[in-house]
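Take a look at the structure below.
The values are calculated or read from the model by the stated rules, or taken from the named source; none is laboratory data. These numbers come from a predicted model, not from an experiment. Cβ sites come from the backbone with ideal geometry, for glycine too, and all protein chains shown count toward neighbours.
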Amino acid sequence: MKNDHLDVDRLQAELLAAIEPHVPFDGWSEPAFKAAVADLGVDPGLARVVCPRGAVDLAVAYHRAGDRAMEAAIAAADFTGFKFRDKIAAAVRLRLEVADREMVRRGAALFALPQHAATGSKLIWETTDRIWRALGDTSEDFNWYTKRMTLSGVYSATVLFWLGDESEDHRETREFLDHRIDNVMQFEKVKGKVMGLPLVKDFLGSLRAPTAPDLPGRTGGDK
């Protein structure tokens with residue numbers, strides 16, 4: 001590969017493709033990153049310009065690529081006749097379907113490390129934000145936070161369950177997800193009652209969703 005220009009997005013995509021065969025064996029690790037750089041034939045210094053954190057940046061890129069694939073799948077899906085809770089469940093299932101379980105397993109191990117936990121949490125928040133927006137959510141008040149907070153918990157728990165699910169066609173994961181979605185619906189009912197209290201309504205009514213592109217859930221940034 002020639003190093004006479006720097007197309008960051010293209011080079012990152014090429015590095016991601018190059019590291020994927022190594023991840024099941026070495027994880028999202030420095031050895032895997034160096035192997036990808038060697039396989040691609042790119043200058044190591046140039047690779048570091050694109051991915052300063054090495055494999056960590058590629059793990060982030062892998063997750064976000066999955067989010068984009070999920071958005072495309074949601075856009076192409078026919079949700080006619082679906083209740084909203086079923087749309088949410090379907091969206092989470094679509095996100096799992098576009099992912100490779102071993103790649104996600106290795107990513108979960110990476111983002112469980114203390115130094116990468118914040119990045120992992122941000123990625124989960126981004127995923128749930130993309131789900132809500134793909135399903136037509138336009139909230140800009142405190143509901144923006146509560147919807148993403150509750151779905152983040154559902155998504156995280158479902159992914160962990162899915163990683164260990166050996167049932168046919170992941171049937172047990174679907175059942176687990178349905179139960180978690182029911183919990184979200186119960187939360188929404190309780191939230192509606194709490195919002196009827198004057199002081200709570202006044203306080204929460206003053207909250208607004210963040211607008212800066214680098215805040216959680218605003219997926220324009222890549223940090």
Task: Inter-residue pairs, beta-carbon under 8 Å, first of a type in the set (K, R) and in segment 63-77, second not in a helix (DSSP H, G or I), 6+ apart - done: R64/T219; R64/D222
TODO: Tell me, please, whether a residue that is surrounded by 15 or more Cβ atoms within 10 Å (Cβ to Cβ), more than 29 Å from N183 (Cα to Cα) and more than 15 Å from the chain's Cα centre (by Cα) can be found in segment 55-66.
DONE: yes
TODO: Test T146 against the criterion of being surrounded by fewer than 19 Cβ atoms within 10 Å (Cβ to Cβ), within 17 Å of N183 (Cβ to Cβ) and polar (S, T, N, Q), and give yes or no.
DONE: yes
Open item on the list: All but one of (1) part of a loop (DSSP other than H, G, I, E, B); (2) surrounded by 13 or more Cβ atoms within 10 Å (Cβ to Cβ); (3) modelled with pLDDT of 55 or more; (4) not acidic (D, E) hold for T219; state the number of the condition that does not hold.
Closed with: (3)
- [ ] Report, by residue number, each residue of segment 94-121 that is within 22 Å of R171 (Cβ to Cβ), surrounded by fewer than 20 Cβ atoms within 10 Å (Cβ to Cβ) and of a type outside the set (A, V, I, L, M, F, W, C).
- [x] E97, D100, R101, E102, R105
Open item on the list: Residues that are over 20 Å from V60 (Cβ atoms) and at pLDDT 95 or above: does segment 143-154 have at least one?
Closed with: no
- [ ] Could you tell me which numbered condition L46 fails, if it satisfies all but one of (1) surrounded by 19 or more Cβ atoms within 10 Å (Cβ to Cβ); (2) farther than 20 Å from R106 by Cβ; (3) out of contact with any helix residue (DSSP H, G or I) (no Cβ under 6 Å at 6 or more places or on another chain)?
- [x] (1)
